[in-house]
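A short worksheet on the structure shown next.
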Amino acid sequence: DVANTTTSSPKTKEDQVVNGHDEKENNPFAEYMWMENEEDFNRQVEEELQEQEFLDRCFQEMLDEEDQDWFIPSRDLPQGIGQLQQQLNGLSVGDGHSSEDILSKSNLNPDAKEFVPGVKY
């Protein structure tokens, strides 16, 4: 008696699926129903595209304004100064002085303890 009260279930796959769709599915063409209101769908998509284009333009304007505020030497300096800056970049500190020469003129104590912030001696 207990076996007869169980819920009936489909015996084979053919009973469950008819023409590639579940019997429970009311409208097998539900995924194509947007075509019924194609004008509304097209209008909505067009509005989304226009909104995205507007946002892209806003971001580009914001980036352009930011670029104007930044100092870019190649753009903002006259040509002669740009060449001078390249020459200055080629220079290095200490040209012509040996380290021994600097040490002989130094008045620092070479035997002093190393400075460590926060430590009292």
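The values are calculated or read from the model by the stated rules, or taken from the named source; none is laboratory data. As the structure is a computational prediction, the values presented were derived from the model and not from experiment. In this analysis, Cβ positions are derived from the backbone assuming ideal geometry, glycine residues included, and neighbour counts consider all displayed protein chains. To get the accessible areas, we keep the full protein, side chains included, count just its heavy atoms, and leave off ligands, DNA and RNA. Shrake-Rupley method; radii C 1.70, N 1.55, O 1.52, S 1.80 Å.
Using the Karplus relation 6.51 cos²θ - 1.76 cosθ + 1.60 with θ = phi - 60°, the per-residue 3J(HN,Hα) values for segment 63-68 come to 5, 5, 4, 4, 4, 5 Hz, with x marking Gly and Pro. Across segment 47-56, rounded Karplus estimates of 3J(HN,Hα) from the backbone phi angles (6.51 cos²θ - 1.76 cosθ + 1.60, θ = phi - 60°) give 4, 5, 5, 5, 5, 5, 5, 4, 4, 4 Hz, Gly and Pro being marked x. Amide H contacts of Leu77 (H built 1.01 Å from N, in plane; Pro and chain starts excluded): no residue 5 or more places away or on another chain comes under 5 Å. With all protein chains in place and ligands, DNA and RNA left out, the 1.4 Å accessible area ranks Ile102, Ile72 as Ile102, Ile72, largest first.
Rounded to the nearest whole Hz, the Karplus-based 3J(HN,Hα) values (6.51 cos²θ - 1.76 cosθ + 1.60, θ = phi - 60°) of segment 102-109 follow the sequence 5, 5, 5, 8, 6, 10, 7, 8, with x at glycine and proline. Each peptide among 103-114, 29-40 gets the average number of other Cβ atoms lying within 10 Å of its residues, and from highest to lowest they stand as 29-40, 103-114.
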